[in-house]
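Novice: Just dropping this structure here.
The values are calculated or read from the model by the stated rules, or taken from the named source; none is laboratory data. Keep in mind that this is a model prediction, so the values were computed, not measured. Positions of Cβ are backbone-derived with ideal geometry, glycine not excepted, and every protein chain shown enters the neighbour counts.
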Amino acid sequence: MNDLSLTILPEQADDGPAIDKLYQRTFGPGRFARTAFRLREKMAHRRDLSFTARIGTLLVGSVRLTPIRIGAAPAMLLGPLTVEPPFREHGIGRTLIEATLKAARAAGVKLVLLVGDEPYYATSGFKRVPKGRVILPGPVDPDRVLIAELSPGAFDGVEGRTQPDYEAKPSA
């Protein structure tokens, strides 16, 4: 991480206000209209699988995982992932993704879905979902719907509507 002293930690309850301000700065008010936000607004994210990035005491990044179902299959929705603009291009986003996927795998999560740019997320194991296999609750570019199997073959036979998983384990 070059000359920056980066700390990656699980999200804590008192991180919420700083993370919300980070989202406001990096995504603006348009974030509420995004399809992935529609899923997240109905379900609490898992703090034990969500992480923050700090340089010193300054919060510079965040990633969250929210329980969802794809058809009948349990999964997690990755996002939002954000890093303060002056700190981008230092690998902080990828470091946050690695931390959250490692924690998810250790917790027994088998699938992680996201809406994002395949070239960026492919390095973390995400692949494009075949068109029509996963139905999201709103308009989305099907080329941006990506899945990561945290267990080999976990996506085999999985398809259907994506919705919040209200039966999932609550956040730790």
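Novice: Could you grab me the full set of residues in region 113-172 that are in contact with a Lys or Arg (Cβ under 6 Å, 6 or more places away or on another chain), among the small types (G, A, S) and under 15 Å from I70 (Cβ atoms)?
Specialist: Of everything in region 113-172, those that are in contact with a Lys or Arg (Cβ under 6 Å, 6 or more places away or on another chain), among the small types (G, A, S) and under 15 Å from I70 (Cβ atoms) turn out to be S151, A154.
Novice: Another question, then. A154: under 25 Å from A103 (Cα atoms), among the small types (G, A, S) and part of a strand (DSSP E or B), yes or no? Break it down stepwise before answering.
Specialist: Details: under 25 Å from A103 (Cα atoms): yes; among the small types (G, A, S): yes; part of a strand (DSSP E or B): no.
No, not satisfied.
Novice: Of all residues in region 136-168 being surrounded by 11 or more Cβ atoms within 10 Å (Cβ to Cβ) and at positive phi, which is modelled with the lowest pLDDT?
Specialist: G138
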